[in-house]
Amino acid sequence: MQEKMIINRENAMALWNERYGKELKVTDFAGRKMVKGAYGDRNSEFGWNLDHILPQSQGGKDTPSNLVCCHILTNDEKADKFPTFVANERRFEIVKVQNHYEIKEIKSSDEQKVKNDDSIDFFDPSAAMRFLKDCENGYFVGEVKIRLSNINDYSVIDFIREMFIDYDVSVEKDRYYASSCIVDVMIYDLPLKEDIQNALDTCVMAHTYLSNYFLKNNYLGEYDILFGVNSYKYHINDDEIRIDFPSFANDCTIAINDLVKINTDAKNKNLESYHYSKFYKYPYTFEKLEEKLLKLRKENK
């Protein structure tokens, strides 16, 4: 396991020497020119710094294999975006390769290849039968419910909707609580454990912002996040695939059910039962993101 590296000028120069040798001027992965002596210089046309390939908000570490030398503008454009981002008008994807992550440029031919790989060749009976077998095995459907209570600034709703934009999101007024609403997120396709983990990570990110920014800046008074996954052989209508959630408990945390727990990194944690139900409290946040939000709050005071 690689040791963490303190990010400073000395270590950045050492990483430059390791990656580029005696070169004094190179281009980063997005095609922007960098000059070795312009480390950290935002006033320079060639200023550069170190960026985490896998963002810290996604669990990325301060290890050499997760750091890349890149132009300051490239770093700003990439920011914490994951798994895809645009830098210097070029599209990139962060992909896992063995035990580390790499940045890969996405080209139109690559996107077309992915589409072709996802299609079924029905002239091949073996491929068609494999697809049929997958259908017979059923599928996983997920649902997230986020109750926002005592809302003082309704922009928090738009913020949460944007965070779950890859899924089917609806918002309805909470019939039991004044100045409250429920953000309902349906996730109709969870074929892999990684998909369930990604949905849980989005819940953790929402929890991190709600607890460390929106709650403490008086956007709202309370919130709850419930995330459940069910397995189905078939369904007839949308009502049949809704998750049977427990009632909200005003815990300002995340609660997950058994299928989320056993299919994500939650299986390795000792979780407390939620509200005497078959759900579990999952009170985790992204620590690095939490630190940045704390710093932002201090700067805005």
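The values are calculated or read from the model by the stated rules, or taken from the named source; none is laboratory data. All values derive from a computational prediction rather than experimental measurement. Please note: Cβ atoms are built from the backbone with ideal geometry, for glycine as well, and neighbour counts cover all protein chains shown. All accessible areas refer to the heavy atoms of the entire protein, side chains included, with ligands and DNA or RNA removed. Shrake-Rupley method; radii C 1.70, N 1.55, O 1.52, S 1.80 Å.
Computed across the chain, the Kirkwood hydrodynamic radius from all distinct Cα-Cα pairs reaches 22.0 Å.
For the chain, the share of accessible area belonging to carbon and sulfur comes to 49 percent (1.4 Å probe, ligands and nucleic acids excluded). Compared with the dominant principal axis of the Cα atoms in the chain, helix 193-209 is inclined by about 80°. Take the Cβ atoms of residue 96 and residue 22, set R0 to 41 Å, and the FRET efficiency comes out at 0.80. As a calculated quantity, the FRET efficiency between residue 35 and residue 192 at R0 = 45 Å, using C-beta atoms, amounts to about 0.55.
³J(HN,Hα) across region 220-232 via Karplus (A = 6.51, B = -1.76, C = 1.60, θ = phi - 60°), whole Hz, x for Gly/Pro? Result, rounded to whole Hz: 7, x, 8, 7, 9, 10, 10, 10, x, 10, 10, 10, 10. From the cross-link list 81/288; 269/298; 81/292; 269/295; 193/281; 33/78, which pairs have alpha carbons spaced over 23 Å apart? Checking Cα-Cα distances, 269/298; 269/295 exceed 23 Å. In this label model, residue 294 and residue 173 are separated by 3.9 nm, measuring between points 7 Å along each Cα→Cβ vector. Put simply, the amide H of residue 48, placed in the peptide plane, has neighbours under 5 Å in 39, 40, 41, 72, leaving out anything fewer than 5 places away on its chain.
Give the calculated FRET efficiency between residue 10 and residue 107 to the nearest 0.05, with a Förster radius of 35 Å applied to their Cβ-Cβ distance.
Values: r = 37 Å, r/R0 = 1.05.
The computed FRET efficiency comes out at 0.45.
For residue 187, the residues 5 or more places off, or on other chains, whose built amide H falls under 5 Å of its own are 142, 143, 144. Karplus-based coupling profile of region 74-81, in residue order and whole Hz: 5, 4, 4, 6, 6, 6, 9, 5, with θ = phi - 60° in 6.51 cos²θ - 1.76 cosθ + 1.60 and x standing for Gly or Pro.
Applied to region 168-177, the Karplus parametrisation 6.51 cos²θ - 1.76 cosθ + 1.60 on θ = phi - 60° returns per-residue 3J(HN,Hα) values of 8, 10, 9, 10, 9, 6, 6, 6, 9, 10 Hz, with x for Gly and Pro. Entry comment: accessible area of the chain is 59 Å² per residue, from protein heavy atoms only and a probe of 1.4 Å. On full extension, the segment bounded by residue 281 and residue 247 gains 10.9 nm, given 0.36 nm per residue less the C-alpha separation.
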